[in-house]
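One structure is given here, and the rest of the page talks about it.
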Amino acid sequence: MNSFARLDRRYIWHPFTQMREWLRREPIVIVEGRGAVLRDARGRKYLDANSSIWTNLHGHNHPAINGAIRRQLNKIAHSSALGLANEPASVLAARLVQAANPANGDWRSTIDAAAGCKARQSNIVNRTLSKVFFSDDGSTAVEAALKLAYEFARRSGRSRKPKFLSLAGAYHGDTIGAVALGHVDLFHRRFSGLLFKTDEVMAPYCYRCPFNRARPEREDAREYRKCGWECVGEVERKLASQKKRGAPYSGFVFEPLMQGAAGMIPQPAGWLPQVTDIARSHGALLIADEVMTGFGRTGAPQSQIANRKSQILFACHQEGVQPDFLCVAKGMTGGCLPMAATLTTQEIFDAFLGEYEEFKTFFHGHSYTANQLGAAASLASIELLQSAASARARHQLQQTMRLELRRLWSLSHVGDIRQVGLIAGVELVRDWRTREPFDLRERAGIRVCEAMASRGVLTRPIGNVIVLMPPYCTTEQQMQRMVEVLHASIAAVTQGKRPCSVRRPAHE
């Protein structure tokens with residue numbers, strides 16, 4: 001066994017991992033990465049099909065980001081944000097605010113038209129996100145938004161006991177506040193005694209929606225659904241019911257366009273503007289968790305690609321929604337360093353202003369808040385994202401992914417293929433005609449991913465859903481290879497075959 005693998009097995013406790021199972025085999029030890037390719041300690045190469053848990057946007061060892069980090073490292077790696085400012089974080093905050101407030105005044109109507117949105121005309125006020133609170137990761141970005149929304153509701157007189165609404169299957173992180181917003185029972189029930197109560201409402205899971213009258217087809221369920229937007233009605237009833245009790249929700253928390261850890265659940269076009277319109281009309285602040293979906297991951301309309309000034313980097317803007325809180329992390333630094341941010345409005349910022357002795361300060365923070373190296377990496381990443389070349393490459397890769405994924409419909413154990421931009425989830429079932437799921441104890445998703453690893457492609461499942469989320473630098477040939485391996489692995493696992501060894505190396 002490799003010496004690093006031995007050290008790992010002896011000392012490291014891995015996240016979301018049953019360690020007894022982990023200790024039964026030699027782990028893959030990653031030692032190097034370049035572009036979309038990873039190399040392990042034994043010299044084997046793998047395609048990184050989930051962007052190293054949804055973080056790596058531009059590929060590993062990107063020279064622009066590496067160069068920005070080295071230049072900053074020659075100045076200073078970190079200094080405290082408590083009572084001090086620094087250069088790269090200040091510039092980054094300005095760039096984030098610019099990106100969070102699309103330049104063109106008609107951006108919402110343009111996007112709605114490009115997306116073919118069928119939602120009723122929204123009366124949501126276009127709020128300006130003007131303040132940035134830095135933290136370390138997605139959980140802390142959501143935690144900051146939650147605390148700010150809670151205290152703002154109290155200080156503004158909206159509620160003495162603020163309460164929050166989120167979607168069924170929601171996952172917003174692992175800090176206690178973020179866990180309280182989540183509704184993944186498998187993850188969270190063990191900690192229920194630590195949590196405050198939040199409410200859930202049905203997510204627009206078209207494939208398994210009880211209101212969808214359509215019979216299964218070999219197509220994304222959003223495309224052939226037959227319903228009357230009952231999922232929107234459920235949100236409206238939930239909000240109205242709480243308001244009738246005299247305690248309206250203070251905040252509505254959501255992942256726009258695609259719920260990640262819920263199982264890659266995509267929202268049909270028009271759902272987001274409708275439910276956020278309703279939430280606002282009932283007095284709820286909008287908290288958009290774009291930890292996974294931000295920074296171009298959900299694509300953009302073709303009309304936006306060539307225009308650097310109006311390029312859309314956040315999913316909520318694709319449906320014309322401007323939240324009160326925008327939480328970002330994961331890909332913010334291009335997958336190089338941990339860093340996060342919570343953007344909000346001047347109105348919310350002003351509620352925390354006062355004289356020292358009033359103690360209106362936001363008493364929350366992190367040792368590495370506004371870290372210079374993370375800020376430098378983030379600035380380099382945003383510069384790459386806003387180039388016309390990057391936008392064109394992302395759009396082309398998105399089209400290639402869509403075309404390649406269609407090959408999977410030939411497999412009877414593929415029930416649904418759902419893609420939003422450069423995020424795809426492939427749901428495995430016993431039979432596509434019945435939508436009957438595999439029992440989680442059968443480890444269908446895990447076994448498929450193990451078979452993929454043996455063929456040189458790395459990703460992780462969410463239950464019975466296989467995730468593909470490649471770096472933006474992925475070539476057409478590499479994308480084809482990822483789907484080819486996924487196809488072969490599903491076939492092998494569902495036919496009871498053992499995973500075969502790597503047949504050919506990942507594309508350089």
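The values are calculated or read from the model by the stated rules, or taken from the named source; none is laboratory data. Since we're looking at a predicted model, the values are computed, not measured. Every residue, glycine among them, receives a Cβ derived from its backbone with ideal geometry; neighbour counts consider all protein chains shown.
Some values worked out for this structure:
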item	result
Any pair with Cβ under 6 angstrom, 6 or more apart, that starts in the stretch 28-53 at a residue that is closer than 15 Å to Met1 by Cα and ends at one that is crowded, with 21+ Cβ neighbours inside 10 Å	Ile30/Leu38
Residue that is closer than 27 Å to Leu403 by Cβ and of a type in the set (Lys, Arg), where the choices are Arg447, Arg441	Arg447
Cβ-Cβ under 6 Å pairs, at least 6 apart or on other chains, the stretch 197-215 side free of Cβ contacts under 8 Å to residues at least 24 places away in the same chain, far side crowded, with 21+ Cβ neighbours inside 10 Å	Asn212/Cys206
Hits in the stretch 245-262 - residues which are within 22 Å of Gly283 (Cβ to Cβ) and assigned to a loop (DSSP other than H, G, I, E, B)	Arg245, Gly246, Ala247, Pro248, Tyr249, Ser250, Glu255, Pro256
Boolean, Ala377 is on the phi > 0 side of the Ramachandran plot, assigned by TED's automatic domain parsing to the domain that holds Gly296 and buried (at least 24 other Cβ atoms within 10 Å of the Cβ)	no
Members of the stretch 336-369 that are farther than 23 Å from Glu87 by Cβ and touching a Gly at 6+ places or on another chain (Cβ under 9 Å)	Lys360, Thr361
Total residues in the stretch 70-103, condition surrounded by 19 or more Cβ atoms within 10 Å (Cβ to Cβ) and part of a helix (DSSP H, G or I)	8
Some residue of the stretch 168-176 being crowded, with 22+ Cβ neighbours inside 10 Å, of a type in the set (A, V, I, L, M, F, W, C), part of a loop (DSSP other than H, G, I, E, B) and out of contact with any Pro (no Cβ under 8 Å at 6 or more places or on another chain)	yes
Pair list, Cβ under 7 Å, 6 or more apart: the stretch 270-289 residue assigned by TED's automatic domain parsing to the domain that holds Ala315, other residue at pLDDT below 95 and assigned to a helix (DSSP H, G or I)	His282/Lys243
Matching residues in the stretch 233-256 - criterion: being out of contact with any Asp or Glu (no Cβ under 7 Å at 6 or more places or on another chain), surrounded by 21 or more Cβ atoms within 10 Å (Cβ to Cβ) and of a type in the set (A, V, I, L, M)	Val235, Leu239
Residue list for the stretch 201-228, restricted to those being over 28 Å from Val253 (Cα atoms) and crowded, with 16+ Cβ neighbours inside 10 Å	Pro216
Those residues of the stretch 284-318 which are in a loop (DSSP other than H, G, I, E, B) and modelled with pLDDT of 95 or more, in sequence order	Ala284, Glu290, Val291, Met292, Thr293, Gly294, Phe295, Gly296, Arg297, Thr298, Leu313, Phe314
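Okay, residues lined up against (1) in contact with a Lys or Arg (Cβ under 6 Å, 6 or more places away or on another chain); (2) farther than 17 Å from Asp220 by Cβ; (3) free of Cβ contacts under 8 Å to residues at least 12 places away in the same chain; (4) part of a helix (DSSP H, G or I):
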residue	(1), (2), (3), (4)
Phe363	no, yes, yes, no
Ser367	no, yes, no, no
Ala376	no, yes, no, yes
Ile382	yes, yes, no, yes
Ser390	no, yes, no, yes
Ala393	no, yes, no, yes
Gln399	no, no, yes, yes
Glu404	no, no, no, yes
Trp409	yes, no, no, yes
